[in-house]
Amino acid sequence: MQQAIALSNPNLISATTESDPILRFSDSKSARASVFGPEPAHDWCYHFAKAELARQRSDWDEISRLDARAAQLGLSPADPLEWIPFIEAGASRGEFDLSAARTRQAVAERPFLRKAFCAAWNRAGQRQPLPAGLLEELGCQ
């Protein structure tokens, strides 16, 4: 209860205009930590979540950077479905070999996920010409 009282302190609110109040500490890392606790470790979940957000913005270079960093740290998903943003980014950047290898491995582990992986390849194919026969080889046509 005491934490809630501190968070409801009106002195923390600063009005830039009458219709646009902002929290004075809204950009302060220490203030966020006091509310949400310390930032969790940058494990696989961190890299996956950031990659999924970047996928929604079509930021393939950011996903590639996250992929390289995760590999450098020896991180990989427990669920092969979490390869999708990385596969789509690689295919969208013309990096077909690694993306296809990951797709084959994921579908071998969980065949019922083929449609999800094929959807990622089809989205990538709308941005970048795919190698002839690749969709058929992956079982997507």
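So how many residues does the stretch 87-141 have that are hydrophobic (A, V, I, L, M, F, W, C) and outside any helix (DSSP H, G or I)? Let's see the steps before the verdict.
Residues of the stretch 87-141 hydrophobic (A, V, I, L, M, F, W, C): 87, 89, 91, 96, 98, 100-101, 106-108, 112-113, 116-121, 124, 130, 132, 134-135, 138, 140.
Now restrict to residues that are outside any helix (DSSP H, G or I): 130, 132, 138, 140.
Counting residues in the stretch 87-141 that are hydrophobic (A, V, I, L, M, F, W, C) and outside any helix (DSSP H, G or I) gives 4.
What's the total number of residues in the stretch 47-58 that are under 18 Å from SER92 (Cβ atoms), without any contact (Cβ under 8 Å) to a residue 24 or more places away in the chain and surrounded by fewer than 16 Cβ atoms within 10 Å (Cβ to Cβ)?
3
If you scan the stretch 66-79, which residues turn out to be surrounded by 16 or more Cβ atoms within 10 Å (Cβ to Cβ) and farther than 23 Å from GLN126 by Cβ?
Of everything in the stretch 66-79, those that are surrounded by 16 or more Cβ atoms within 10 Å (Cβ to Cβ) and farther than 23 Å from GLN126 by Cβ turn out to be ALA70, LEU75, PRO77.
So how many residues does the stretch 83-141 have that are among the acidic types (Asp, Glu) and either surrounded by 14 or more Cβ atoms within 10 Å (Cβ to Cβ) or touching a Ser or Thr at 6+ places or on another chain (Cβ under 6 Å) (or both)?
Within the stretch 83-141, residues that are among the acidic types (Asp, Glu) and either surrounded by 14 or more Cβ atoms within 10 Å (Cβ to Cβ) or touching a Ser or Thr at 6+ places or on another chain (Cβ under 6 Å) (or both) number 2.
Within the stretch 51-86, restricting attention to residues that are assigned to a helix (DSSP H, G or I) and among the charged types (D, E, K, R), which residue is nearest to the chain's Cα centre (by Cα)?
Across the stretch 51-86, the extreme among qualifying residues is GLU52.
Looking at (1) loosely packed, with under 11 Cβ neighbours inside 10 Å; (2) at pLDDT 95 or above; (3) aliphatic (A, V, I, L, M), which is the one condition that is false for MET1?
(2)
The values are calculated or read from the model by the stated rules, or taken from the named source; none is laboratory data. Quick caveat, the model's predicted, so the values are computed rather than measured. Neighbour counts run over all protein chains shown; Cβ positions are idealised from the backbone, glycine included.
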